Each structure stands twice: as structure tokens, then as C-alpha cells.
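The structure appears right after this line, and notes come after that.
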Amino acid sequence: MVDPLKSICEDPLERKWVWISLAMAVVMGVVLGYYAVASNLHPPSNVETIDSSRLHLTEEFAEDNLGVKTNPDGSLTVTLVAARYGFYPPRIEVPVDTQVTFRIASADVLHGVHVPGTNMTTMVVPGYISEVTTTFPRTGEYSLLCNEYCGLGHDSMWSRLVVVPKAAGGQS
Ligand SMILES: [Cu+2]
């Protein structure tokens, strides 16, 4: 078989490495595709802007309106503010096997939200509302961590996510 790279590259060793790097890109594409389908892992893609310096003046992200809300269809919306160095409210309680939509805004710099052991992860970019919808299939206490370095207190930026059995779920 004629190597299609032969016309642009004379050195067989160089061609070999071009093929190896192309194969690596294909393998990575297949792995990403597999996890997107099998584990429902998708990059969050909500584009909704907000003035991060005036979160407290908005209705949705005012301090009194943060936390868990039940929608008419039974799903939940969790409104969170990420700010150096914590998530507000600091403890969230949601029922197991229930669709939860997180809406998160940063009050200052770039933050991240990651809940180890689940598929919940997103960046929280100042000026935008991050939205992630997921379902937690196992009860338990999870840490909700900041995974984007945001300053000297970044290490202590985390809060609690508690997934409770269905009947006991509700407002936190
Ligand atoms: Cu951080």
C-alpha cells in the first residue's frame, strides 16, 4: 500500500510518527465519544450572561433566594453563588434519582464546581451563569469542591452536597 503521506514527507521515521500522532487523536476522539454516550458526560454549554458585581441585586442570586427550589414538574433547581472562598449556601440537600439543575454564578473570579464520584462538574466564569442538569443515583454526603485556582483560600473552598432518600428530600 502506498503511504498517502509520502508526497509531503520523505523520511519514513517522520511518517511513522505522524501516523502515531494521528492514531492518538483518533483514540482520544473515540474515548470522548464513548464517555459522552455511555456515562452521559457532556461539557456544559449554557450561555447566559450576568453582571457578577451585582449578583446581590438580581432576584435569582440574591442571598435569600439561593438554595434548592422545587419546580412544578418535580425537578429541582439549585441556585448557588461561588465567591472567594466558599459556595453559598454552604450545604445543599437534594433527593436521590431526581433531576437537579444547578444554576451557579461567580461573585468575583473564575471558580469551578466539582462533585467527586458524580458527573457534576463545571467552570463558573464571572459574567456568566453556569447551568448543569444531572441526577444523583446514590445517596450520601458529597463534597462540592472548587477546582479552579481562585486565590490563597482556594484549598478551603468547598461545601456539602447531601443526597438523601427520596421521601425525605426537599428544601434545605
Ligand atoms: Cu477555587
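The values are calculated or read from the model by the stated rules, or taken from the named source; none is laboratory data. A quick note: this is a predicted structure, and the numbers were derived from the prediction, not measured. Cβ atoms come from the backbone with ideal geometry, glycine included; neighbour counts cover every protein chain shown.
When the stretch 109-128 is examined, which residues are found to be within 14 Å of the ligand (Cβ to nearest atom) and over 11 Å from the mean Cα position of the chain (by Cα)? Hits for the stretch 109-128 are V109, L110, V125, P126. A single member of T49, T79 is at pLDDT below 90, under 24 Å from V109 (Cβ atoms) and either within 16 Å of the ligand (Cβ to nearest atom) or β-branched (V, I, T) (or both), and it is T49. Of the residues E93, E148, E131, the single one that is within 14 Å of the ligand (Cβ to nearest atom), surrounded by 15 or more Cβ atoms within 10 Å (Cβ to Cβ) and either over 14 Å from the mean Cα position of the chain (by Cα) or among the charged types (D, E, K, R) (or both) is E148.
For the stretch 132-146, indicate whether the set of residues that are assigned to a strand (DSSP E or B) and touching a helix residue (DSSP H, G or I) at 6+ places or on another chain (Cβ under 9 Å) is non-empty. No, the stretch 132-146 contains no residue that is assigned to a strand (DSSP E or B) and touching a helix residue (DSSP H, G or I) at 6+ places or on another chain (Cβ under 9 Å).
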